[in-house]
Amino acid sequence: MSIFETFLNYRVFVETLPLILSGLSTTLALGFTCILIGFVAGIVLAMLRLYAVAPVRYVTIAYIDVFRSIPVLVLLFVVYYALPFAGIRLSSFASATTAISMVSAAYSAEIIRAGIEAIPTGQFEAARALGLHFSSTMIKVILPQAIRIVVPPLTSNSINVMKDTALASVVAMPDLLKQANQAQALAANPTPLMVAAIIYLIILLPLVRLVGLLERRFGKARR
């Protein structure tokens, strides 16, 4: 059997494609859910990190530092395998969403904080001169500009989140990698794993190129 027939066997591909696609839908659902939760939580954490009273600010800083230091895989094991001993039992999807989102939120918070701090102080002063309250200033003036500045790193973080979804297979979640691995075992052929790798490339490679494009565009805009 040739290398092509071993790693890209058309018969195996056709037979296992439905199983692989079922895993793809789960991976996409998990990825988009974690990206959304991480982004929203990141905004909240960034605001607390910058403007909350001292005790809350210190707790927020501790959260950000801790969850940027913990590997997603370790946190996933803690959520799925350790929490049941405390009476908290989550499904594989909920466990993966919780673990990945908590880490994503920590990174998003630092990215958004940097964007807010990059806004000239004159913007805040102008908003106060117009009589805008703090919440209105942040929502209408500061955050839109800050998010625009940090679009490239936020996109990079989203790519990392999508890659981290592959770790969910260790808690028996039927994601793309898990289903491809199962298909590989059933077919006794590595073609499903190669197909999964190609699918990840199809999804993530355009996003990688998009990050470069955004960095060049916003870099020129700032100049």
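Worth pointing out:
- Going by accessible surface with a 1.4 Å probe and the largest first, Ile149, Ile100, Ile3 read Ile3, Ile149, Ile100.
- Centre-to-centre, using Cα atoms only, the range 106-120 and the range 63-85 are separated by 24 Å.
- Computed from the C-beta positions of Ala94 and Leu21 and an R0 of 25 Å, the FRET efficiency is 0.65 to the nearest 0.05.
- Computed Kirkwood radius, in angstrom, where 1/r is averaged over Cα pairs of the chain: 19.7
- Normalised by residue number, the volume inside the convex hull of the Cα atoms of the range 114-221 is 114 Å³ per residue.
- With a Förster radius of 35 Å applied to the C-beta separation of Val59 and Leu83, the computed FRET efficiency comes to 0.95.
- Dividing the mean sequence gap of close Cα pairs (under 8 Å, 6+ apart) by how many residues the chain holds gives a relative contact order of 33 percent.
- Ranking Tyr81, Leu19, Gly131 by Cα position along the charge dipole of the chain, where only Lys, Arg, Asp and Glu carry charges on their C-beta atoms, puts Gly131 farthest toward the positive end.
- Of Phe4, Phe77, the order by accessible heavy-atom surface (1.4 Å probe, DNA, RNA and ligands excluded), from most exposed downward, is Phe4, Phe77.
- For the range 58-156, the spread of Cα coordinates along the three principal axes comes to 55, 26, 24 Å, biggest extent given first.
- Ligands, DNA and RNA left out, the 1.4 Å accessible surface of the chain is 69% carbon and sulfur atoms.
- Figure note: Arg216, Arg113, Arg57 ranked by solvent-accessible area, largest first, 1.4 Å probe, ligands and nucleic acids not counted: Arg216, Arg57, Arg113.
- Label point at Glu215 placed 7 Å out along Cα→Cβ; residues across the range 138-167 whose backbone nitrogen lies under 17 Å: 149-161
- In sequence order, calculated HN-Hα J values of the range 29-43 (Karplus, 6.51, -1.76, 1.60; Hz; x Gly/Pro): 4, 5, x, 5, 5, 5, 4, 5, 4, x, 5, 5, 5, x, 4
The values are calculated or read from the model by the stated rules, or taken from the named source; none is laboratory data. It should be emphasised that the depicted structure is a prediction, and the values quoted were computed from it without experimental measurement. All Cβ positions, glycine included, derive from the backbone under ideal geometry; neighbour counts span all protein chains shown. We work out accessible area using only protein heavy atoms, side chains counted, and drop any ligands, DNA or RNA first. Shrake-Rupley method; radii C 1.70, N 1.55, O 1.52, S 1.80 Å.
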